[in-house]
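This report concerns only the one structure given below.
The values are calculated or read from the model by the stated rules, or taken from the named source; none is laboratory data. In this text the structure is predicted, and so the values were computed from the model without any measurement. Methodologically, a virtual Cβ is constructed for each residue, glycine included, from the backbone with ideal geometry; neighbour enumeration extends over all protein chains shown. To get the accessible areas, we keep the full protein, side chains included, count just its heavy atoms, and leave off ligands, DNA and RNA. Shrake-Rupley method; radii C 1.70, N 1.55, O 1.52, S 1.80 Å.
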Amino acid sequence: MTNKTLLIASVLLFIFGCKPTETITLPEQVIEINDPNKLPEPAIYQASNTKIFDLVHTKLDVKFNWEKAYLYGKAELTLKPYFHPNNTLALNARGMDINKVQLVSKPNLDLKYHYDDLMLIIDLDKEYTRNDTLKILIDYTAKPDELTEGGSDAISSDKGLYFINPRGEEKDKPQQIWTQGETQSNSAWFPTIDSPNERCTGEIAITVEEKYKTLSNGILNLQTINADGTRTDYWEMDQPHAPYLFMMAIGEFSITKETWKGIDVDYYLEKDYAPYAKDIFGLTPEMLEFYSNRLGVTYPWKKYSQIVVRDYVSGAMENTTAVIHGEFVQQTKRELLDGSAGEDVIAHELFHHWFGDLVTCESWSNLPLNESFATYGEYLWNEYKYGADKADYGLKNDLAAYLQEAEETQVDMIRFNYESREDMFDAHSYQKGGRILHMLRNYLGDDAFFESLKFYLNKNKFTDVEMHEFRLACEDVTGEDLNWFFNQWFYASGHPILNISYDYNDSLKVQTVYISQEQNFNTTPLYKLPIAIDIYVEGKVERKEVVIDKAINVFSYEMTSKPDLVNVDGDKMLLCEKVDNHSTHEWAFMYYNAPKYMDRYEAIRKLAEVNESIATKTIIDALEDKFDQIRRTAIRSLDIAIKNNPNVVKSKLITLVKNESNTRVKGDAIGVLAKHFSDDATVVEIVKKGVEEESYYVSGKSLNALAYSSKEDALTYAKKYENETNLTLINSVAAIYEKHGGPEQNKFFIEKYTHIDGFGKYSFISSYGNYLQKQPDNVIEEALPLLEEVSLKEEAWWMRMTGINAIAELENKYVQQLIDYRKELKAVKSDSPEAVDLNAKIESAEKQRSQLMAIIDKVKETETNPRLKQILGIK
């Protein structure tokens, strides 16, 4: 096949009128001309799973062999043919031993079956019609640790069933069992029709040692003590939900109980964190009340439990009535001084109980119906609880996450051509989707938007849906055809790229706004964007409602005088990239007068680039902004202000540190003071005092800050905190050793690594890799086993990547050494002492490089994660 491309030169348009002539350059366009002789190939289409049988009820009875990490199970499945008569039943069942398959009857009838480690195909005793109901009993053994493992960025493993420290060999880690069903992994621990467009009721009998607590979906109906000293817990879920939402968890948990409107609201934590259960999860009843009222649909399930487990393979999971969280949400009161690590996640998973659990996407192609809504649920909670600034801050972060991903990948939101269903768990389905829902709310208005959500939920409860059903619900409520909105945002890729410029004609008293769409129109739509333009003039704000729907859009308004500011997208709700060509004075005016968080944030970011007095004044004033995240942005934007007004800035920051209640603002301020004023005695005292603060963030920032003022003080305090268990302080110590540490600090890294879990390990290993760059060969040799373990055995692919990066950087170091040594060797006599010394150095460097390359070779042989393989160039 031959692909040819024609480059179309940029088109120059000349705009005439009340604005002076201006040349506008449209984006370069590329047209592909395909080989006319190429035969067509079928496109990938990931259809919803065809419903052949319908699951009605799943009854499970499970026991465990901790030593082998086996589950011994009996599954009784109640089913009906969906429509067509059938005499064969196909079930998902991954990596099991199938001991027996029977038709439940009087007596039970053995059935023939075929099993290939993925699908269990059962020959039924006759042909069944949709008017028939049958029960199948399967006796099986699940062996999750013997499965070939996959996963994704969002869910790092797909084993389904996890035995944590099963033989009790790790003394500091509890023994636990838990499950993770999404996307289609529950079929690794019970046979089922593992599809999001299936749903059934369920019950499970879990037999464990009496010391363990259990959790599953629904209500705990009964507990019985068995003759062998074990206990069996009987859980019943009498409301239908999708198989991927089934769960169980077993461990030595402490349970804290609350209620909301007569239903149990329980929190399962390790005993060390039980005293903080209500500090961590205590907003849950208020969230239940808020979401029920906001949606007009009362929480539809019979209980709500949350459990924290070790070594979780995702952030959290919305299992119906029984949410699993990773251990990152466990915090002490002292850790909570710096803010909740889990509140947004807690809100996200609860909102799923309407969007995802009550109404479920029919296929993974429609995943935004679950994840976009849950992401927007975070916004709604923050808006209600903390106000618009906090909520809009989350929206800003969502946009940043999506745009970062969009630099490499731009795909349709609803897409049927993914290679792996795990590919759907990305910043499109989550963050971009949440932003799209915010735009839809802005367009429809609150009344219509929330009435549409209520209608959608009530119409589709306990069913599976596709995106068009949400569109139709909005249309039924509003009476408006919304295909234009859904087509450009959910069924197309990319986003608008806007260039905004302004002109005021003083003689005509006409303000003109020019907005061009500059995205690539071969791959991205020409958008229809209804927005508000706010014009600030003579102390008043005039709002103009406009629609951007052309490549070049021109809006002109008669004015009584020159506006102080023309603010395009006055609600700051657009999902876009933009160049907004304001003057410095206009950006400053925006900070002081425009109402939104994003107005102030964008103004500070732009003014930070400008060396003008009004910019400096505005940024310094922003240190006193009402919202903590704007104060933090201002602190990070002080470089030019410090050059121009160092004493004013220092005084402001010292005052801020003394008076600030937000620990993260305070810690950031200490960091900037130490960086720029490390010789000031007052600042040194502030930093030392900060190290002793109760807040881990302030203490950690201050510890890092000591490295600017005194290497000796930094190392002294770092030594003092080596035995800390808090990750913030551990990583602060690691950062000091990264900068100032010698061979004697290697022991800290090696010993501490085994005690760190979760996301903090990423920063720790990054610091270790940088530390090793400055160390002698014998220290690097001591480090190789740890780096090899990280690169080969860490559960998350991005953690393995940190180890690989550290090894690669060290290998580069030795390559450069070899180049330098060989160059020096050429300049000395072959029999000189210098030559002997250089040859010894070359031999040592070659040995070290060889050991590093051996680890890289092992990685290439064993790595299975598709994304990491792509990054490493492994085919």
When you look at Val513, is it crowded, with 19+ Cβ neighbours inside 10 Å, over 21 Å from Glu405 (Cα atoms) and not hydroxyl-bearing (Ser, Thr, Tyr), yes or no?
yes
Cβ pairs under 7 Å, 6+ apart or interchain, first in segment 465-483 and at negative phi, second open to solvent by 50 Å² or more (accessible area, probe 1.4 Å) and not acidic (Asp, Glu), ordered by first then second residue, are Ala473/Phe455; Ala473/Lys459; Asp476/Phe455; Val477/Phe455
Only one of Ala840, Ala808, Ala827, Ala854 is under 24 Å from Pro785 (Cβ atoms) and surrounded by fewer than 14 Cβ atoms within 10 Å (Cβ to Cβ), namely Ala854
Checked pairs for segment 772-793, first closer than 21 Å to Ile756 by Cα and part of a helix (DSSP H, G or I), second of a type in the set (A, V, I, L, M) and open to solvent by 50 Å² or more (accessible area, probe 1.4 Å), C-beta under 8 Å and 6 or more apart or across chains, list as Glu782/Ile750; Ala783/Ile750; Leu786/Ile750
Using the structure shown, decide if Thr864 is of a type in the set (S, T, N, Q), under 23 Å from Thr148 (Cβ atoms) and within 25 Å of the chain's Cα centre (by Cα).
yes
All positions within segment 584-597 that are among the hydrophobic types (A, V, I, L, M, F, W, C) and surrounded by 23 or more Cβ atoms within 10 Å (Cβ to Cβ):
Trp587, Ala588, Met590
Scan segment 421-466 for residues that are assigned to a helix (DSSP H, G or I), open to solvent by less than 50 Å² (accessible area, probe 1.4 Å) and among the hydrophobic types (A, V, I, L, M, F, W, C) and report the count.
11
Would you please name the residue that is most open to solvent (accessible area, probe 1.4 Å), looking only at residues in segment 706-748 that are modelled with pLDDT under 95, part of a helix (DSSP H, G or I) and of a type in the set (S, T, N, Q)?
Thr716
Out of Val104, Val11, Val62, sole residue that is among the aliphatic types (A, V, I, L, M), modelled with pLDDT of 95 or more and open to solvent by 40 Å² or more (accessible area, probe 1.4 Å)
Val104
Selection within segment 240-265 - within 18 Å of Leu350 (Cβ to Cβ), in contact with a helix residue (DSSP H, G or I) (Cβ under 9 Å, 6 or more places away or on another chain) and of a type in the set (Asp, Glu)
Glu258
Can you pull out the residues in segment 644-673 that are among the aliphatic types (A, V, I, L, M), closer than 20 Å to Ala608 by Cα and open to solvent by less than 30 Å² (accessible area, probe 1.4 Å)?
Val649, Leu653, Leu656, Val665, Ala669, Ile670, Val672, Leu673
Do we find that Glu383 is assigned to a helix (DSSP H, G or I), under 30 Å from Tyr591 (Cα atoms) and open to solvent by 10 Å² or more (accessible area, probe 1.4 Å) in this structure?
yes
Output the residues belonging to segment 516-545 that are free of Cβ contacts under 8 Å to residues at least 60 places away in the same chain, under 26 Å from Leu440 (Cβ atoms) and surrounded by 18 or more Cβ atoms within 10 Å (Cβ to Cβ).
Gln517, Pro525, Tyr527, Leu529, Ile531, Ile533, Ile535
When you scan segment 194-211, how many residues do you find that are touching a Lys or Arg at 6+ places or on another chain (Cβ under 9 Å) and in a strand (DSSP E or B)?
8
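This table checks each residue for (1) surrounded by fewer than 17 Cβ atoms within 10 Å (Cβ to Cβ); (2) closer than 19 Å to Ser195 by Cβ; (3) modelled with pLDDT of 95 or more.
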residue: Thr129; (1), (2), (3): yes, no, yes
residue: Leu137; (1), (2), (3): no, no, yes
residue: Lys143; (1), (2), (3): no, no, yes
residue: Gly160; (1), (2), (3): no, yes, yes
residue: Phe163; (1), (2), (3): no, no, yes
residue: Glu169; (1), (2), (3): yes, no, no
residue: Asp172; (1), (2), (3): yes, no, no
residue: Gln175; (1), (2), (3): no, no, yes
residue: Gln180; (1), (2), (3): no, yes, yes
Check on Glu751, part of a helix (DSSP H, G or I), open to solvent by 10 Å² or more (accessible area, probe 1.4 Å) and in contact (Cβ under 8 Å) with a residue 40 or more places away in the chain:
no
